[in-house]
């Protein structure tokens, strides 16, 4: 997550397969945690390995904790209808100028808006607040890296609420995943706290 005051930057989580014996150099990053290595047991009455369980092991510097998880669906046609009825007033209330500019560069802006709207809803579910006086749609800006990975920038009262979820001294990380087809957009948000063992 990047915040407008330079809070923290984060790379995407890596996925790990379930072969019979594997090792991984990193789970989130080599400087954060390692993954235990072992041979998967055989499932009863089959010739296949059971799914391998991976867990992060602190390297003596950081501990990780999930603060919240949220997901949401958005109907693309419904989003198009709302934009048609309310126009720029709705866009200004819900999306930042940078999000609107990015949408206009897409071949299907309504598909983009539906995905970002779902991600903002998912974020607020993970935060546990919904839209309240101190939490605004435009406090949550979701742009994209060069590779297309969603990057969340949190600001204002929403950032204050987010920081309150974690212990003092923890960095808060936002993981965002967005997917869609022609009809529906879906988003998943995971809020994570990273705390340095022994303080900063």
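Summed over the range 138-169, the residues that are buried (at least 19 other Cβ atoms within 10 Å of the Cβ) and without any contact (Cβ under 8 Å) to a residue 60 or more places away in the chain give a count of 7. Checking each residue in the range 110-133 for being free of Cβ contacts under 8 Å to residues at least 24 places away in the same chain and part of a helix (DSSP H, G or I) picks out only 112.
Against the list (1) farther than 18 Å from residue 186 by Cα; (2) out of contact with any strand residue (DSSP E or B) (no Cβ under 9 Å at 6 or more places or on another chain); (3) surrounded by fewer than 17 Cβ atoms within 10 Å (Cβ to Cβ), the condition residue 135 fails is (3).
Every residue, every condition in (1) part of a strand (DSSP E or B); (2) closer than 25 Å to residue 64 by Cα, yes or no:
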{"position": "135", "(1), (2)": "no, no"}
{"position": "141", "(1), (2)": "yes, yes"}
{"position": "148", "(1), (2)": "no, no"}
{"position": "169", "(1), (2)": "no, yes"}
{"position": "174", "(1), (2)": "yes, yes"}
{"position": "177", "(1), (2)": "yes, yes"}
{"position": "195", "(1), (2)": "yes, yes"}
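If we scan the range 113-125, do we find a residue that is more than 15 Å from residue 74 (Cα to Cα) and surrounded by fewer than 20 Cβ atoms within 10 Å (Cβ to Cβ)? Looking through the range 113-125, none of the residues is more than 15 Å from residue 74 (Cα to Cα) and surrounded by fewer than 20 Cβ atoms within 10 Å (Cβ to Cβ). When residues of the range 131-174 are filtered for being under 23 Å from residue 100 (Cβ atoms) and touching a helix residue (DSSP H, G or I) at 6+ places or on another chain (Cβ under 8 Å), how many remain? The total comes to 20.
No lab work stands behind these numbers, since they all come straight from the coordinates. Computed from a predicted structure; not experimentally measured. With ideal geometry, Cβ positions are generated from the backbone for all residues, glycine too; neighbour counts draw on all protein chains shown.
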